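K.L.:
My structure is below; once you've seen it, I'll send some questions.
The values are calculated or read from the model by the stated rules, or taken from the named source; none is laboratory data. The structure displayed is predicted, hence computed values, not measured ones. Glycine also receives a Cβ, built like all others from the backbone with ideal geometry; neighbour counts cover every protein chain displayed. Just so you know, the surface numbers come from the protein's heavy atoms only, side chains and all, with ligands and any DNA or RNA stripped out. Shrake-Rupley method; radii C 1.70, N 1.55, O 1.52, S 1.80 Å.
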Amino acid sequence: MDLSVKQKFETYPDEVTESLLVIRSLIINTANEHGIADLIETLKWGEPSYISKIGSTIRYDWKPKFPNEYRIYFHCQTTLVDTFKEVYGNTFEYEGNRALIFKLSDDIPTKELSHCISMALRYKKLKHLDLLGA
């Protein structure tokens with residue numbers, strides 16, 4: 001784990017850390033499944049962030065302002081979240097065209113979220129395809 005990301009994780013309450021570690025693992029595992037070896041883990045805007053050369057940045061975070069939820073952020077100038085809405089509808093809760101919102105108590109739809117993450121990690125190769133190739 002990147003040192004700055006590790007330090008960020010140390011600031012989260014325990015129940016938040018558990019949920020966000022699941023998201024971190026899902027991002028890393030999805031990158032590995034798609035042969036994305038250049039995945040970079042860092043902090044952007046103080047949030048754990050992941051980027052590949054062929055993709056768009058994925059960030060996630062928990063904020064004390066919303067103590068029972070966390071968000072996974074995608075670049076708002078992409079078609080990612082709009083595509084997620086089209087493909088997965090009510091499977092997720094959305095924040096405009098920039099984020100997926102999860103309650104700490106939610107069961108994560110792992111298969112669907114992994115697919116969304118894979119589209120983000122490969123966005124530059126998929127952006128010309130209808131529904132990003134979904």
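K.L.:
Of all residues in region 100-128 being out of contact with any Asp or Glu (no Cβ under 9 Å at 6 or more places or on another chain) and farther than 27 Å from Gly35 by Cβ, which is surrounded by the fewest Cβ atoms within 10 Å (Cβ to Cβ)?
P.N.:
Within region 100-128, the subset out of contact with any Asp or Glu (no Cβ under 9 Å at 6 or more places or on another chain) is 105, 107-113, 115-117, 119-128.
Of the ones still in play, those that are also farther than 27 Å from Gly35 by Cβ are 105, 107.
Values: Ser105: 9, Asp107: 7.
The qualifying residue surrounded by the fewest Cβ atoms within 10 Å (Cβ to Cβ) is Asp107.
K.L.:
Can you tell me how many residues in region 120-134 are modelled with pLDDT under 95 and touching a helix residue (DSSP H, G or I) at 6+ places or on another chain (Cβ under 6 Å)?
P.N.:
Result for region 120-134: 5.
K.L.:
Further question: Cβ-Cβ below 9 Å, separation at least six or inter-chain, first residue in region 6-24 and within 14 Å of Ile108 (Cβ to Cβ), second modelled with pLDDT under 95 and open to solvent by 90 Å² or more (accessible area, probe 1.4 Å): which pairs?
P.N.:
Matching pairs, first to second residue: Arg24/Met1.
K.L.:
When residues of region 28-62 are filtered for being free of Cβ contacts under 8 Å to residues at least 60 places away in the same chain, within 20 Å of Lys111 (Cα to Cα) and among the aromatic types (Phe, Trp, Tyr), how many remain?
P.N.:
Looking only at that region, the number is 1.
K.L.:
Any residue at all in region 2-11 that is of a type in the set (Phe, Trp, Tyr) and either exposed (fewer than 13 other Cβ atoms within 10 Å of the Cβ) or under 23 Å from Leu126 (Cα atoms) (or both)? Working first, answer last.
P.N.:
Filtering region 2-11 for residues of a type in the set (Phe, Trp, Tyr) gives 9.
Narrowing the set further to residues that are either exposed (fewer than 13 other Cβ atoms within 10 Å of the Cβ) or under 23 Å from Leu126 (Cα atoms) (or both) leaves none.
Checking region 2-11: not a single residue is of a type in the set (Phe, Trp, Tyr) and either exposed (fewer than 13 other Cβ atoms within 10 Å of the Cβ) or under 23 Å from Leu126 (Cα atoms) (or both).
K.L.:
Still on this structure, I have one more. Name the one entry in Ile36, Ile51 that is under 25 Å from Leu132 (Cα atoms), in contact with a strand residue (DSSP E or B) (Cβ under 9 Å, 6 or more places away or on another chain), surrounded by 13 or more Cβ atoms within 10 Å (Cβ to Cβ) and aliphatic (A, V, I, L, M). Spell out how you get there, then give the answer.
P.N.:
Details: Ile36 fails: in contact with a strand residue (DSSP E or B) (Cβ under 9 Å, 6 or more places away or on another chain).
Selected residue: Ile51, the only one of Ile36, Ile51 that is under 25 Å from Leu132 (Cα atoms), in contact with a strand residue (DSSP E or B) (Cβ under 9 Å, 6 or more places away or on another chain), surrounded by 13 or more Cβ atoms within 10 Å (Cβ to Cβ) and aliphatic (A, V, I, L, M).
K.L.:
Within region 9-48, how many residues turn out to be among the small types (Gly, Ala, Ser), touching a helix residue (DSSP H, G or I) at 6+ places or on another chain (Cβ under 9 Å) and farther than 20 Å from Phe74 by Cβ? Before you say what the answer is, go through the steps one by one.
P.N.:
Keep residues of region 9-48 that are among the small types (Gly, Ala, Ser), which gives 19, 25, 31, 35, 37, 46.
If we keep only those that are touching a helix residue (DSSP H, G or I) at 6+ places or on another chain (Cβ under 9 Å) too, we end up with 31, 37, 46.
Checking which are farther than 20 Å from Phe74 by Cβ leaves us with 37.
Summing the residues that are among the small types (Gly, Ala, Ser), touching a helix residue (DSSP H, G or I) at 6+ places or on another chain (Cβ under 9 Å) and farther than 20 Å from Phe74 by Cβ in region 9-48 gives 1.
K.L.:
To continue, here is another question. Could you tell me whether any residue of region 71-87 is loosely packed, with under 14 Cβ neighbours inside 10 Å and of a type in the set (A, V, I, L, M)?
P.N.:
Filtering region 71-87 down to residues loosely packed, with under 14 Cβ neighbours inside 10 Å leaves 76-77, 86.
Next, only the ones that are of a type in the set (A, V, I, L, M) stay: none.
No: zero hits.
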